[in-house]
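The values are calculated or read from the model by the stated rules, or taken from the named source; none is laboratory data. Treat the numbers as computed from the prediction; the structure is a model and nothing was measured. Note that each Cβ is placed from the backbone with ideal geometry, even for glycine, and that neighbours are counted across all protein chains shown. Just so you know, the surface numbers come from the protein's heavy atoms only, side chains and all, with ligands and any DNA or RNA stripped out. Shrake-Rupley method; radii C 1.70, N 1.55, O 1.52, S 1.80 Å.
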Amino acid sequence: MTDKFTNEEKNGLYKAIHSRRDVRSHFISKPIEDEILSRILNAAHHAPSVGFSQPWNFILIKDPETKKRVKESFEKERERSSQLVEEPKKSKYLSFKLEGILESPVNLCVTYDPSKFGPFVIGRSSIPEAGLYSVCCAIQNLWLAARTENIGVGWVSILSNEMLKKILDLPDHIIPVAYLCLGHVDEFSSKPDLEKKGWLPRLELKDVIYFEKWDKKENFGWKNIQEIIKTNLDYP
Ligand SMILES: Cc1cc2nc3c(=O)[nH]c(=O)nc-3n(C[C@H](O)[C@H](O)[C@H](O)COP(=O)(O)O)c2cc1C
């Protein structure tokens, strides 16, 4: 397990990263094989975590009644959030498909438990949010592993956490971090839906990298990489 990656393996990882998509509308009804689901969950469980606290839990959901209640929370929150934006953006927002709660065979709530191995966790005393960041690392592992298994994942955050806590019987101290929809798909889009529909563009790499200090886009000591990142580095 400590050997170096071959070129083929390396390309496999980059392929997973660049072809991973948030999936909302391409789920098919075929159930996810339990072996596959177990591998995906195991990948999530091997994420880095602050102080090795492994503060996550994964609640697997397929009960249609639970899904229905979560979908109701989505509808409510979508309506509420649409009041925050003016026309014509409002109608555009409301026209987007932003969840696949009922269509996906498996829903998964990923939670954060700040009390696990607590109260002292190495590395969490100065930045308490490091616990939440760890859960996000697990979610990203899960998302990439799912992509390599050709399983689509969609993250639904247009939900009330209070409702989720009630629906899923979460204790007070447990925080729902992600509500995910998982399933086989008929295709993975080549680009994010929100990019394809002209909501927002992908920023250029060169515009998100600074050198040495905030907002410094030029620096002689970093000249070579400045040139490289100006070119189109998209995965083929
Ligand atoms: C924290 C988080 C919350 C998200 N919430 C939603 C959501 O409620 N509904 C949705 O359709 N997509 C949601 N997404 C997916 C993003 O819209 C998507 O990642 C982004 O548009 C880029 O597309 P891609 O994931 O296909 O590359 C969420 C993503 C993240 C990371």
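Rolling a 1.4 Å probe over the protein chains gives Ser190 an accessible area of about 100 Å². Once neighbouring chains are kept in place and the probe is 1.4 Å, which whole percent of the accessible area of the chain is contributed by carbon and sulfur? Its accessible area is 56 percent carbon and sulfur atoms. Result for the chain in a Gaussian network model with C-alpha springs under 10 Å: among Lys223, Lys76, Lys196, the largest mean-square fluctuation is at Lys223. Spacing of the modelled spin labels on Glu33 and Leu94, each 7 Å from Cα toward Cβ, amounts to 4.4 nm.
Globularity index of the chain is 1.14 (Cα radius of gyration / 2.2 N^0.38 Å, N = number of residues). A 1.4 Å probe run over segment 105-231, with the rest of the protein chains in place, finds 59 Å² accessible per residue.
Once the Cβ-Cβ distance of Leu205 and Glu87 is raised to the sixth power relative to R0 = 41 Å, the FRET efficiency obtained is 0.75. Net charge of the neighbourhood of Val50, taken over other residues with C-beta under 10 Å away and scored Lys/Arg +1, Asp/Glu -1, is 0. Highest mean packing comes first when the peptides 199-209, 156-166 are listed by Cβ atoms within 10 Å, giving 156-166, 199-209.
Note on Asp169 and Tyr133: the model spin-label points, each 7 Å out from Cα along the C-beta direction, lie 3.5 nm apart.
Length gained on full extension, Asn224 to Glu187: 9.5 nm, using 0.36 nm per residue less the C-alpha separation.
A probe of 1.4 angstrom, applied to the heavy atoms of all protein chains, finds Tyr133 with accessible area near 130 square angstrom. Using 21 Å as the Cα-Cα cut-off, could you pick out the over-long pairs in Lys89/Lys196; Lys92/Lys165; Lys10/Lys196; Lys90/Lys197; Lys30/Lys62; Lys30/Lys68? The answer is Lys92/Lys165; Lys10/Lys196.
A simple spin-label model places the labels of Phe117 and Asn7 3.9 nm from each other, with each point 7 Å out along Cα-to-Cβ.
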